[in-house]
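Right, one structure below, let's go through it.
The values are calculated or read from the model by the stated rules, or taken from the named source; none is laboratory data. Fair warning: this is a prediction, and the values are worked out from it, not measured in the lab. Here the Cβ is made from the backbone with ideal geometry for all residues, glycine too, and neighbour counts use every protein chain on show.
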Amino acid sequence: MMTFLIATGFVKRWYFVAGALMFTWTVSLIASSIPGDFTGKFYLAGDPSKLVIFFLMGSLFFLLKDRIPYSKYIFFGCVITMVAAAIFGPSSLSGSRWFMLLSCPALTYIIVWLGLFPLPKLPLFDRGDYSYGVYLYGFPVQQAVISMTGTTQGWVVFVLTFVPVTLLAMMSWHWVEKPTLKLRKRFSLAAKIDAQRHEAGPVIKEAKVAAEKS
């Protein structure tokens, strides 16, 4: 579904994304309520459906970014709500499809708010953009650590993988990503068009001034 939305351009229209979100959640709700296992149930009611739902919610937030307020009060309200649900809610709450539908906007808002929050620059991490490397190498390193140690506790896995993932991300940026981006100006059509526009900018500006004087 995500590929279809991106390929057709529907992902650029918030009402299509909202419709796809509700459709995916409804299918997931129906599939999870059917007793027993059947072909495709894991994809319709398991983790893949959650991934699609959160992807669509993030896309919806982006499309409505000019309408959604960036507020610390909303942020703390979402945090308090999620913490209260985790502490005081029943154990079955986290697996509920209704709870997932209600918690998805709150979790998305928390993630987006933190992502936009102006954090101070850290001495070791301000020399490049290591985010893609962390995203790229984080999962395989985590799986390797889990396979070797047998632990599945989130904080233990984080502690054991933080240093190797960070080092791989740094090496990836300085040795692969950054040199590759420098080649973009030479081979990318979009980069060539941008460069031509930049070079033509002063000429166009002078032509407009001359036209206005005449």
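Looking across the stretch 117-155, the residues that are part of a helix (DSSP H, G or I), farther than 14 Å from residue 169 by Cβ and polar (S, T, N, Q) come down to 143, 147, 149. The condition (being at pLDDT below 75, outside the structural domain of residue 131 (by TED's automatic domain parsing), within 20 Å of the chain's Cα centre (by Cα) and surrounded by 15 or more Cβ atoms within 10 Å (Cβ to Cβ)) is satisfied by just one residue among 100, 2: 100. For the structure I just gave you, tell me whether residue 64 is within 25 Å of residue 131 (Cβ to Cβ), modelled with pLDDT of 85 or more and among the aliphatic types (A, V, I, L, M). Judged against the criteria, residue 64 is a match. Of all residue pairs spaced 6 or more apart or on separate chains, none has beta-carbon atoms under 7 Å together with a first member in the stretch 35-51 that is free of Cβ contacts under 8 Å to residues at least 24 places away in the same chain and not assigned by TED's automatic domain parsing to the domain that holds residue 102 and a second member that is part of a helix (DSSP H, G or I) and among the small types (Gly, Ala, Ser). Scanning the stretch 31-41 for residues that are hydrophobic (A, V, I, L, M, F, W, C) and either more than 16 Å from residue 100 (Cβ to Cβ) or part of a loop (DSSP other than H, G, I, E, B) (or both) gives 34, 38.
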